[in-house]
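Student: Can you read through this structure? Questions will come right after.
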Amino acid sequence: MDILVVGSGAREHALVTALKADKSVGRIICAPGNAGIAHEVETRDLDATNAQAIADLAAECAVDLVVIGPEVPLVAGAADSVRALGIACFGPSAAAAQLEGSKAFAKQVMDEAGVDTARARVCGVMDEVAQALDKFGAPHVVKDDGLAAGKGVVVTNDRDEALAHAQACLSRGVDARVVIEEYLDGPEVSLFGITDGTMIIPLEPAQDFKRAFDGDAGPNTGGMGAYSPLPWAPPTLVADVTERVLQPMIDTMRERGTPFVGLLYAGLALTARGTRVIEFNARFGDPETQVVLARLASPLGQVLLAAATGTLDALPPLAWREGAAVTVVIASRGYPENPVTGDLIEGLDAAGCVEGVTVLHAGTRATAAGIVTAGGRVLSITAQGESLAQARNRAYKAIDRISIEGAHHRSDIGLAAAR
């Protein structure tokens with residue numbers, strides 16, 4: 001089958017890499033892609049926020065399946081536009097993608113599905129925000145109700161900081177809302193489920209690192225690294241979350257008349273009171289996708305097509321590689337507040353020669369001088385190993401071979417788990 005992958009980040013590079021390993025996949029096109037993806041498959045210029053442009057490109061290329069990576073086109077209805085042309089699409093409709101597009105909507109569906117989550121209040125004015133902050137107490141959790149590229153959440157003990165973030169969220173427009181939640185203690189886990197709208201198949205769990213610097217210091221980012229599997233997690237975690245969270249959400253969405261087809265991402269907190277949902281996303285997460293797909297042995301193209309065509313029940317159980325995977329994000333100088341672009345990236349070939357390492361591109365661009373930075377998160381250095389410690393060692397060995405002026409990365413991705 002021929003596949004169009006929509007997006008330009010390391011998540012899409014990981015998808016392309018996994019699809020290339022599937023012998024049932026023929027032509028792969030990625031739009032708009034990046035410098036690393038363009039080195040491996042055909043890329044096309046595309047405004048990935050334009051739903052109709054995505055559908056038109058799929059028709060022009062006569063692909064059998066479209067895989068939409070980012071959340072913005074999904075919320076904009078790209079999957080609807082593709083399906084309207086009779087082309088199979090891996091990704092939820094605009095109505096179903098509201099699970100990510102609106103945190104207030106997600107809370108409503110969780111309530112209907114009986115899914116455990118944090119107590120919350122949806123606020124439209126600052127007086128309501130102040131009351132909610134006082135009700136739940138510190139640490140304060142303030143979330144932009146809409147899409148914010150993974151950076152719309154503030155968790156702080158400083159009430160003034162919480163109020164300032166809420167004010168910034170509400171200033172986006174007359175319909176803007178903010179969600180104030182109780183703080184959930186305990187480690188966080190990301191669990192993906194691939195669904196055809198009726199059944200859902202869980203993938204292996206991962207843990208990501210949102211803060212910019214070591215020790216979870218600094219501002220929130222789109223993600224600075226991840227690892228999988230989780231040696232400390234309860235052995236029944238995946239089965240329990242599938243039964244109590246993922247399947248009830250899919251059942252409820254179908255009963256509401258908005259079936260969810262694609263990738264349902266559950267962000268979880270393993271609290272003292274049990275597992276609670278922090279949030280849902282409507283697509284593969286970045287950087288967790290990089291480590292999860294590195295460990296997947298089943299042919300990805302066949303799995304995604306089965307989800308898109310309602311035939312997941314015909315698939316054999318997913319197969320997984322032994323060992324562990326770690327991805328470490330290299331970010332440009334100034335990230336996340338003011339990322340600088342145009343800096344030359346050196347050492348890519350040397351890094352890719354480290355055993356078990358795949359260099360996945362995100363914010364990169366090819367120029368006459370070489371490959372340069374073109375975004376905040378530049379590369380995801382993804383390594384596999386027989387153990388988490390070995391995977392970490394390989395990832396950081398590869399990073400030592402890469403040079404980008406002023407770039408930074410965390411040195412503690414997966415460290416506590418490896419120890």
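Student: Of everything in segment 118-160, what is part of a strand (DSSP E or B) and surrounded by fewer than 18 Cβ atoms within 10 Å (Cβ to Cβ)? Give them in sequence order.
Tutor: Hit for segment 118-160 is T156, nothing else.
Student: Same structure again: Select from segment 248-274 the residues that are modelled with pLDDT under 95 and not hydrophobic (A, V, I, L, M, F, W, C) and write down the one among them that is farthest from P202 (Cα to Cα).
Tutor: R273
Student: So which residues in segment 312-357 are hydroxyl-bearing (S, T, Y) and in contact with a helix residue (DSSP H, G or I) (Cβ under 8 Å, 6 or more places away or on another chain), if there are any at all?
Tutor: If the condition is that a residue be hydroxyl-bearing (S, T, Y) and in contact with a helix residue (DSSP H, G or I) (Cβ under 8 Å, 6 or more places away or on another chain), then T327 is the only one that fits.
Student: So which residues in segment 244-280 are part of a helix (DSSP H, G or I) and either in contact (Cβ under 8 Å) with a residue 40 or more places away in the chain or touching a strand residue (DSSP E or B) at 6+ places or on another chain (Cβ under 8 Å) (or both)?
Tutor: Listed by number, the residues that qualify are R244, V245, L246, Q247, P248, M249, I250, D251, T252, M253, R254.
Student: Still on this structure, please answer the following. Can you say whether I68 is more than 14 Å from F284 (Cβ to Cβ) and in contact with a strand residue (DSSP E or B) (Cβ under 7 Å, 6 or more places away or on another chain), as far as the supplied structure shows?
Tutor: For I68, the condition - more than 14 Å from F284 (Cβ to Cβ) and in contact with a strand residue (DSSP E or B) (Cβ under 7 Å, 6 or more places away or on another chain) - is not met.
Student: Suppose we keep only residues that are more than 25 Å from Y227 (Cβ to Cβ) and in contact (Cβ under 8 Å) with a residue 40 or more places away in the chain within segment 344-385. Which one would you say is surrounded by the most Cβ atoms within 10 Å (Cβ to Cβ)?
Tutor: A374
Student: Still on this structure: Which helices (runs of 4 or more DSSP H) does segment 312-419 wholly contain that include 1 or more residues that are of a type in the set (S, T, N, Q)?
Tutor: The helices (runs of 4 or more DSSP H) meeting that bar are 388-399.
Listed here are the residues, each with its yes/no results for (1) in contact (Cβ under 8 Å) with a residue 12 or more places away in the chain; (2) surrounded by fewer than 21 Cβ atoms within 10 Å (Cβ to Cβ).
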position: L163; (1), (2): yes, yes
position: G173; (1), (2): no, yes
position: E182; (1), (2): yes, yes
position: T195; (1), (2): yes, no
position: G215; (1), (2): yes, yes
position: T221; (1), (2): yes, no
position: T242; (1), (2): yes, yes
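Student: Here's something else I'd like to know. Filtering segment 51-102 down to residues that are within 19 Å of R254 (Cα to Cα) and of a type in the set (D, E, K, R), which residue is modelled with the lowest pLDDT?
Tutor: Among residues in segment 51-102 that are within 19 Å of R254 (Cα to Cα) and of a type in the set (D, E, K, R), the one modelled with the lowest pLDDT is E100.
Student: Moving to a separate point now. Does segment 351-389 hold any residues that are over 17 Å from N34 (Cβ atoms) and polar (S, T, N, Q), and which are they?
Tutor: Passing the criteria: Q384, S387.
Student: Of the residues that sit in segment 334-343 and are surrounded by fewer than 24 Cβ atoms within 10 Å (Cβ to Cβ) and touching a residue at least 24 places away in the same chain (Cβ under 8 Å), which one is nearest to P229 (Cα to Cα)?
Tutor: Ranking the candidates gives P336 first.
Student: Taking the criterion of being more than 24 Å from Q108 (Cα to Cα), within 16 Å of the chain's Cα centre (by Cα) and crowded, with 23+ Cβ neighbours inside 10 Å, would at least one residue in segment 267-286 satisfy it?
Tutor: yes
The values are calculated or read from the model by the stated rules, or taken from the named source; none is laboratory data. Computed from a predicted structure; not experimentally measured. In this analysis, Cβ positions are derived from the backbone assuming ideal geometry, glycine residues included, and neighbour counts consider all displayed protein chains.
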